[in-house]
Amino acid sequence: MTTRKPVIGVTPCSRVDDYLESVKRAGGEPVVLSNDDDPSAVLDRVDGILLTGGLDVDPALYHETPHPTTETAPDRDRFEIPLSREAVKRDIPLFAICRGVQVLNVAEGGTLVQDIPSATATNLQHSIKEPKHQIAHDVSITPGTRLASALDPGPMTRPTCSVNSRHHQAVEKVAPSFVVSATSPDGVVEAIEKPDAAFCVGVQWHPENFWKTGEFAELFKTFVAAAGRRHMR
């Protein structure tokens, strides 16, 4: 008998191919969702959710007025905020990337830095658009977190990894029940996670762009494995 691969619902975005390839190589079966889907119905038929990158989350959702640089995607917000909220509530494995980590944080009650260059004293480049796998800076990973174990299961004290970066916003106030699991040298939050979840991790960089070289393959494999365990229940 052939065992079905874990089905991973992937939110639609302009550069979806790398996300799909990363999920496939990790052993999952990716399905691109639609912003017109019903979030609850989606979660009835998938084993995990991958929130992808894109434009900014509407600041009204965290009770702020927009910064002049903010570009929103209302159709995505209407779908992804309730999708994220319900996935966390059901403890469905969720991996959030770039815009995705911002969606996750806002959905669970956190806020965002709307424009890093004007809000933070930093010399780091947080937005290098091309080439997409260009290393921008290192991040420090919090020991003992799910992110740390997914990136390197060996014993570590204060692990770091090199990441690409294409964002001008970031997590500010972390959502209740979430913790920071990575920061950049200038203090910008680079990852958050929900410690008591089956798998609920969000990163600010783009690990999907490295599917050819495999730097973040274990992170995707850990996510898909969690979705597989849910499927087998």
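The values are calculated or read from the model by the stated rules, or taken from the named source; none is laboratory data. The structure presented is a predicted model; accordingly, all values stated were derived computationally and were not measured. In this analysis, Cβ positions are derived from the backbone assuming ideal geometry, glycine residues included, and neighbour counts consider all displayed protein chains. Note: accessible area is taken over every heavy atom of the protein model, side chains too, but ligands, DNA and RNA are not part of it. Shrake-Rupley method; radii C 1.70, N 1.55, O 1.52, S 1.80 Å.
What the phi angles of the range 221-230 give under the Karplus curve with 6.51, -1.76 and 1.60, with θ = phi - 60°, is a coupling list of 5, 5, 4, 5, 5, 5, 5, x, 5, 5 Hz, glycine and proline written as x. Summing Lys, Arg as +1 and Asp, Glu as -1, what charge do residues with Cβ under 14 Å from the Cβ of Pro39 carry, Pro39 excluded? Local net charge: -2. The share of Cα pairs per 10 Å bin across the range 1-117, counted from zero up to the longest distance, runs 13, 46, 30, 9, 1, 0 percent. For trypsin sites (Lys or Arg not before Pro), the sites in the range 97-186 that DSSP calls loop and that have at most 16 other Cβ atoms within 10 Å are Lys129, Lys132, Lys173.
Using a probe radius of 1.4 angstrom, the carbon and sulfur fraction of the accessible surface of the chain is 51%.
Here's how it looks for Val113: its modeled amide H is under 5 Å from those of Ala170, Val171, Glu172, which are all 5 or more places away or on a different chain. Per residue, the solvent-accessible area of the chain (1.4 Å probe, heavy atoms of protein chains only, all protein chains present) comes to 45 Å².
Each of Leu33, Ala87, Pro6 was scored by the projection of its Cα onto the charge dipole of the range 1-128, and the greatest displacement toward the positive side belongs to Pro6; charges sit on the C-beta of Lys, Arg, Asp and Glu. Computed over the Cα atoms of the range 125-233, the ratio of the radius of gyration to the Kirkwood radius (Rg/Rh) comes to 0.96. Look at the dipole of the chain built from charges on Cβ: of Val174, Tyr19, Thr69, the Cα furthest out on the positive end belongs to Tyr19. Taking the DSSP bridge list for the chain and keeping only pairs wholly inside it, about 50 percent are antiparallel. Calculated mean residue ellipticity, 222 nm, the chain: -8500 deg cm²/dmol, from DSSP H runs (n ≥ 4) at -39500 (n - 2.57) each, averaged per residue and rounded to 500. The phi-based Karplus calculation (6.51 cos²θ - 1.76 cosθ + 1.60; θ = phi - 60°) puts the 3J(HN,Hα) values of the range 175-185 at 4, x, 6, 9, 10, 7, 10, 6, 9, 8, x Hz, whole numbers, x for Gly and Pro.
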